[in-house]
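First the structure, in the form of structure tokens, and then the observations on it.
The values are calculated or read from the model by the stated rules, or taken from the named source; none is laboratory data. Computed from a predicted structure; not experimentally measured. Glycine also receives a Cβ, built like all others from the backbone with ideal geometry; neighbour counts cover every protein chain displayed.
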Amino acid sequence: MPAHDVLIIGAGLAGQRAALAAAEHGANVAIMSKVHPVRSHSVAAAGGINAAISVDDDWRSHAYDTVKGSDYLGDQDAIEVMCSEAPHEVMHLEHIGVTFHRNDSGELDLRAFGGASLKRTAYVADITGQAMLHVLYEQLMMHHETVQRYEEWFTTSLLIGEDGQCAGVIARDVRSGRLEAFTAKNVILACGGAGQVYKPTTNGLIVTGDGIAIAYRAGAPLMDMEMVQYHPTTLVETGILITEGARGEGAHLLNSNGERFMEKMAPNKMELASRDVVSRAEQIEINEGRGVGPDGSGIYLDVTVVPRRRTLEALREIVNLGRDFAGVDITREPVMIRPGQHYIMGGVKTDIDGRTPIDGLYAAGEVACVSVHGGNRLGANSLLDTLIFGRRAGEHAARRASQMPMPRANTKAQLQTDAARIDAIIARPHEGRRVSEIKNELGEVMNRHAAVFRDEQGLRSAQEAIARMREESERAWIDDRGTIFNQDVLGAIELGFMVDCAETTVVAALERKESRGAQFRTDYPERNDEQWLKHIDLTLGGGDGPQVTYSPVTITQWQPEERKY
Ligand SMILES: Cc1cc2nc3c(=O)[nH]c(=O)nc-3n(C[C@H](O)[C@H](O)[C@H](O)COP(=O)(O)OP(=O)(O)OC[C@H]3O[C@@H](n4cnc5c(N)ncnc54)[C@H](O)[C@@H]3O)c2cc1C
């Protein structure tokens, strides 16, 4: 049976950064991913990564912007860690080979991004995630003697030892269908977010909330699950993301009257207010009949105001996306966009070293909630979050591993449970609904009721629909009964994970009876610091669904104030 000091589930930026850090600290490391590592969703990240590296900037300004962007729900101790360590982390990436864009003087160029007081986003055109992910993968290759890679292995559950600590995972080899137990002194979940719970979403098909559900089922608390980010610029037809880098370069948002409506909501920052504010402003224009397109469900993003040469140099990927997916040359005419699900601020609750309350279990990246994003993430702060907390989790886990023996767990029993679960899925009769049908309905329900605007009635109807879909998903049938690359069986397991994520999102959204950050309750339209300046934590109660508790927001130097852009 494979055994490792540090076993990392997920090979996106958080996972690879954790693996590199743990290996550099002398640990015997393994990294597991359900897809080839460089196909992890981090590869899609476009616009850039924030760090106060310009001589005019200061990490405290970055931290303040992040606190304000979070609508004061972010934990300020964690935000201070992230922002103060950011410049060193970005320079480290530069030194190991990420070809960040440079200006005419040869310095790292920085672009404007939403909610930032000044330009602080380093970028590689609009393929920043791809550039970073490939460089980290090359670095991992250099550690091939101490970093074992389990590529195309799907983790089904955590192994919890007799003493309650995490002792490894159970995983299925996607290529052969073989199920195996992996023991580990420490497991770091770096499985990414849960965008596929929504339809449409900017997230790829693999982003199904696996790590969140796996941790939750093992007893780890989730935090800030109600906070789901809608990105202001996603293509109307497909939900594909047009990076905030476009507005950072100067693009305008226009309604059907040709007005730059952001003037009403954010007269100072205009299109570069934080994402929750811009998405809400767009949705108001659409709801009040000033949208564009045949059914008025869009807004125009006008990139033509950016010099064409600059667009072709710094935004070339969205030129391709506009052409291929909307049939529009964005350098010559506006493109129709609307707010679309993009990111989840919530996730597995951790401390600033990635530790969860379960000994030996860590989480980092979008799967985790430290919470640095609170009610709303600033653009280009997620890549930073993955690297800072991925590294810190890797280092901490490596240190912990050096001081302990390999934990013991009843691997046989857990293996049998997971094998029986998979066998039962494969044996389901062709009755009831298909996995894909339920998944589509789940996404549409969430997009209708747990989106930019929410209210009690809508959330209650989502909750009822999710309860029904949970039952249906436990009987949903699949076509492929084989073992080799059986994506059907994985899809059925993922559907169960997504139902857990949807349920916890809706429960938390119902619980928070105020409007803050990405959660706008039309029935409670004001922010209410007196009652709700606190995190909502959810744990799986014995058979009764999510149990709600609260935890305080950590405030160090920035007291809550009215948020204006
Ligand atoms: C289109 C787009 C553009 C973006 N642009 C930016 C940007 O410019 N700047 C920014 O800061 N943020 C951006 N973001 C957000 C950012 O890219 C993500 O939040 C971040 O990359 C998540 O990284 P991660 O390492 O946490 O997870 P991911 O990169 O999603 O990796 C998850 C890993 O977990 C593995 N995994 C999942 N489940 C299992 C399982 N059951 N078993 C085994 N392995 C599993 C996957 O295979 C994968 O390797 C963007 C997001 C999108 C969708």
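Test Ser61 against the criterion of being surrounded by 24 or more Cβ atoms within 10 Å (Cβ to Cβ) and farther than 15 Å from Ile388 by Cα, and give yes or no.
No: the conditions fail for Ser61.
State which residue is surrounded by the fewest Cβ atoms within 10 Å (Cβ to Cβ) when the search covers only region 241-266 and only residues that are closer than 20 Å to Ser117 by Cβ and away from the ligand (no atom under 16 Å from the Cβ).
Glu263
Take the residues of region 176-208 that are of a type in the set (S, T, N, Q) and away from the ligand (no atom under 12 Å from the Cβ): which is surrounded by the most Cβ atoms within 10 Å (Cβ to Cβ)?
In this case the residue turns out to be Asn186.
I need the full set of residues from region 534-565 which are among the charged types (D, E, K, R) and either surrounded by 12 or more Cβ atoms within 10 Å (Cβ to Cβ) or touching a Phe, Trp or Tyr at 6+ places or on another chain (Cβ under 6 Å) (or both), in order please.
Lys534, Asp537, Arg563, Lys564
Just the residues that are buried (at least 24 other Cβ atoms within 10 Å of the Cβ), touching a strand residue (DSSP E or B) at 6+ places or on another chain (Cβ under 8 Å) and under 12 Å from Leu133 (Cβ atoms), please, taken from region 21-48.
Correct list: Ser33, Pro37, Ser40.
Determine if region 223-230 includes at least one residue that is out of contact with any Leu (no Cβ under 8 Å at 6 or more places or on another chain) and either β-branched (Val, Ile, Thr) or free of Cβ contacts under 8 Å to residues at least 12 places away in the same chain (or both).
yes
Would you be able to say whether some residue in region 109-122 is in contact with an Asp or Glu (Cβ under 7 Å, 6 or more places away or on another chain) and farther than 30 Å from Leu533 by Cβ?
Yes, the conditions are met somewhere in region 109-122.
Can you pull out every residue in region 493-527 that is in contact with a strand residue (DSSP E or B) (Cβ under 8 Å, 6 or more places away or on another chain) and in a loop (DSSP other than H, G, I, E, B)?
Matches in region 493-527: Arg512, Lys513, Glu514, Ser515, Ala518, Thr522, Arg527.
Of the residues that sit in region 35-65 and are part of a helix (DSSP H, G or I) and within 30 Å of Gln559 (Cα to Cα), which one is farthest from the ligand (Cβ to nearest atom)?
Arg60
So for region 209-227 (the condition being surrounded by fewer than 24 Cβ atoms within 10 Å (Cβ to Cβ), of a type in the set (Val, Ile, Thr) and at pLDDT 95 or above), does at least one residue qualify?
No: region 209-227 contains no residue that is surrounded by fewer than 24 Cβ atoms within 10 Å (Cβ to Cβ), of a type in the set (Val, Ile, Thr) and at pLDDT 95 or above.
What number goes with the only condition from (1) away from the ligand (no atom under 16 Å from the Cβ); (2) modelled with pLDDT under 95 that Thr238 does not pass?
(1)
Under 30 Å from Lys119 (Cα atoms), modelled with pLDDT of 95 or more, surrounded by fewer than 20 Cβ atoms within 10 Å (Cβ to Cβ) and more than 10 Å from the ligand (Cβ to nearest atom): is that true of Gln148 in this structure?
It is false that Gln148 is under 30 Å from Lys119 (Cα atoms), modelled with pLDDT of 95 or more, surrounded by fewer than 20 Cβ atoms within 10 Å (Cβ to Cβ) and more than 10 Å from the ligand (Cβ to nearest atom).
When you check Ala22 against the structure, is it hydrophobic (A, V, I, L, M, F, W, C) and under 23 Å from Asp276 (Cβ atoms), yes or no?
Answer is no for this residue.
Every residue, every condition in (1) farther than 23 Å from Arg111 by Cβ; (2) surrounded by 22 or more Cβ atoms within 10 Å (Cβ to Cβ), yes or no:
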site	(1), (2)
Val278	no, yes
Glu288	yes, no
Pro294	yes, no
Gly298	yes, yes
Thr304	no, no
Pro307	no, no
Leu315	no, yes
Asn320	no, no
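Across region 388-400, what is the total count of residues that are near the ligand (Cβ under 9 Å from one of its atoms) and of a type in the set (A, V, I, L, M)?
Selection size over region 388-400: 0.
Do we find a residue being assigned to a loop (DSSP other than H, G, I, E, B) and modelled with pLDDT of 95 or more anywhere in region 539-552?
No, region 539-552 contains no residue that is assigned to a loop (DSSP other than H, G, I, E, B) and modelled with pLDDT of 95 or more.
Go through region 357-385 residue by residue and tally those that are closer than 17 Å to Gly10 by Cα and either near the ligand (Cβ under 9 Å from one of its atoms) or surrounded by fewer than 24 Cβ atoms within 10 Å (Cβ to Cβ) (or both).
9
Yes/no per residue for (1) assigned to a helix (DSSP H, G or I); (2) of a type in the set (A, V, I, L, M, F, W, C); (3) touching a helix residue (DSSP H, G or I) at 6+ places or on another chain (Cβ under 7 Å):
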residue: Tyr137; (1), (2), (3): yes, no, yes
residue: Met141; (1), (2), (3): yes, yes, no
residue: Asp163; (1), (2), (3): no, no, no
residue: Ala171; (1), (2), (3): no, yes, no
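Assess whether Tyr216 counts as being outside any loop (DSSP other than H, G, I, E, B), away from the ligand (no atom under 12 Å from the Cβ), touching a strand residue (DSSP E or B) at 6+ places or on another chain (Cβ under 6 Å) and under 20 Å from Ala45 (Cβ atoms).
No.
Which one of the conditions (1) free of Cβ contacts under 8 Å to residues at least 40 places away in the same chain; (2) among the acidic types (Asp, Glu); (3) not in a loop (DSSP other than H, G, I, E, B) does Glu180 fail to meet, given that it meets all the rest?
Among (1) free of Cβ contacts under 8 Å to residues at least 40 places away in the same chain; (2) among the acidic types (Asp, Glu); (3) not in a loop (DSSP other than H, G, I, E, B), the lone unmet condition for Glu180 is (1).
Would you mention how many residues in region 1-23 are hydrophobic (A, V, I, L, M, F, W, C) and closer than 18 Å to Glu138 by Cα?
Going through region 1-23 one residue at a time, the tally reaches 10.
Conditions: (1) within 15 Å of the ligand (Cβ to nearest atom); (2) at pLDDT below 95. Asp163 meets all but one. Number of the miss?
Unmet for Asp163, out of (1) within 15 Å of the ligand (Cβ to nearest atom); (2) at pLDDT below 95: (1).
Which pairs do you get when a residue that is closer than 14 Å to Ile299 by Cα, found in region 232-245, comes within reach of a residue that is within 12 Å of the ligand (Cβ to nearest atom) and assigned to a helix (DSSP H, G or I), reach meaning Cβ atoms under 7 angstrom, with the pair 6+ apart or on two chains?
Sorted first by the residue in region 232-245, then by its partner, the pairs are Pro232/Arg275; Thr233/Ala246; Ile242/Ile318; Ile242/Leu321.
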